[in-house]
Amino acid sequence: MKKSIKEIKDNKSKNGRNGRPGNPRPTAFFFTVLFIIAVCTCVASAVSPKSFELSVGDVAPETITAPHDVINEDATKELRQQARDSVAMAYSQDPVPTAKSITDLEKFFSGVIQMRADAVGFENAKVDEYRKHNSQAATQKYQEQYKWLDELTDQEMSVLKADVLLQLYDDEVISLIKASKSDIERLHTV
């Protein structure tokens, strides 16, 4: 009962691949379609919002949240204005300055004038030291660009700050020194 090679080949072609009967393609197609339907069902159920059978006056069985926020612009604007109107001013402005305030301002500007005078003394010393090692043009540029201020020691800066009634930062002291006399006078008269 030996079969010839030709008979075996004919039998394979009739039965499909590997000698199994039937065409495997419809089976693969069926499972692919079934898989796609299952995936689509899962995605659709996850994406679609939950629906409730409720009518006016019913109590919801659970908390229901909107899928997105809806803002009533007119009502929001009105509520913001009401909130602004209900808050008291953070400070009240006294139209008449007190004598103490005027005295403190006078002391401050007197201190600024003294600080600027002390700064001239420091400037002269720093520029004279710089002049010993540099040309006249370099010295003039050093002085005009206030490079000498960068070389002030902490002690010298403390001396300048001590002249003023308020506690100032280094950059504020430098700004007051660099300001022109007319700018200081204008601030004083305001």
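The values are calculated or read from the model by the stated rules, or taken from the named source; none is laboratory data. The shown structure was predicted, so the numbers you read here are calculated from the model rather than taken from an experiment. Every residue, glycine among them, receives a Cβ derived from its backbone with ideal geometry; neighbour counts consider all protein chains shown.
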Looking at segment 146-169, which of its residues are farther than 18 Å from residue 121 by Cα and at pLDDT 80 or above? 167, 168, 169
Are there any pairs with C-beta distances below 7 angstrom linking a residue in segment 40-66 that is touching a residue at least 40 places away in the same chain (Cβ under 8 Å) and surrounded by 10 or more Cβ atoms within 10 Å (Cβ to Cβ) to a residue that is small (Gly, Ala, Ser) and not in a helix (DSSP H, G or I), with the two at least 6 apart or on different chains, and if so which? none
If I filter segment 101-119 for residues that are in contact (Cβ under 8 Å) with a residue 40 or more places away in the chain and among the aromatic types (Phe, Trp, Tyr), do I get at least one hit? yes
Matching residues, segment 78-101, being surrounded by fewer than 10 Cβ atoms within 10 Å (Cβ to Cβ) and charged (D, E, K, R): 84, 85, 94, 100
Working only within segment 120-178, note down all residues that are exposed (fewer than 12 other Cβ atoms within 10 Å of the Cβ), under 37 Å from the mean Cα position of the chain (by Cα) and in a loop (DSSP other than H, G, I, E, B). 145, 153, 166, 167, 169
Quick check, is residue 98 at pLDDT below 80 and within 30 Å of residue 176 (Cα to Cα)? yes
Any residue at all in segment 102-109 that's surrounded by 12 or more Cβ atoms within 10 Å (Cβ to Cβ), outside any loop (DSSP other than H, G, I, E, B) and β-branched (Val, Ile, Thr)? no
